[in-house]
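Reviewing the structure listed below.
The values are calculated or read from the model by the stated rules, or taken from the named source; none is laboratory data. A quick note: this is a predicted structure, and the numbers were derived from the prediction, not measured. Cβ: placed from backbone, ideal geometry, glycine included. Neighbour counts: every protein chain shown.
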Amino acid sequence: MTDEASAGDAVLPGPAGPSRRSLLVAASALLPVLLTACKGVQSLGTPPPPPRDIRLLTAAIAAEELMVARYATAVAQLSATPGHGPTDGDSVLSALRTVRAEHTAHLSQLRSRLIESVGTSAAPSASRTPLPTAGGGVSTVVGVLAQAEQDASDRLLGQLGGLPPTLAQLCASIAASEATHVPFLQQAQAAAA
């Protein structure tokens, strides 16, 4: 009986685990997936471009940064210009500082609407000069700024279609403000003449 008992207790051959062949087949099937995973996020392709409203908001931020830089340059340029009378020069500089403060407020409002990812920037292009009036007098500087204000207002108004209502309202408000800067600057220009 002992021989029968030991024969009955013997382990019958059967599936003790996956065979080497099935492991090789599974590994070869997973190889492309593993190689793709090694590439990381790049394997997904290029990300889609940002939506139109984000592109316009980024452009509006860059334009306001450029306007603030133009006014800072104009104030510095006119402050260094000899021959400004105490009343005329001060009124023009005061007007430029007032408008620059409004552009700084516009910039703050626009930036508050944009959530930037790491690596993106709304900085103005380095190829654009802040104020193309080197050596220009008060009339030239103010005239260039007035034209820049009109151009900025027209550009913003032309981009309102298709924007979300709150962003369209903000851009329309900024465009209206920029349009009112034109006669304000023209008055300052007339007072300096």
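Numerical summary
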| read-out | value |
| --- | --- |
| Per-region count, the range 138-193, residues more than 28 Å from residue 78 (Cα to Cα) and assigned to a helix (DSSP H, G or I) | 12 |
| Residue 43 being of a type outside the set (A, V, I, L, M, F, W, C), surrounded by 10 or more Cβ atoms within 10 Å (Cβ to Cβ), at pLDDT below 75 and in a helix (DSSP H, G or I) | yes |
| Any hit, the range 107-117, residues being over 16 Å from the mean Cα position of the chain (by Cα), in a helix (DSSP H, G or I), crowded, with 18+ Cβ neighbours inside 10 Å and at pLDDT 80 or above | no |
| Test for residue 81: is it in a loop (DSSP other than H, G, I, E, B), modelled with pLDDT of 70 or more, among the hydroxyl-bearing types (Ser, Thr, Tyr) and surrounded by 10 or more Cβ atoms within 10 Å (Cβ to Cβ) | yes |
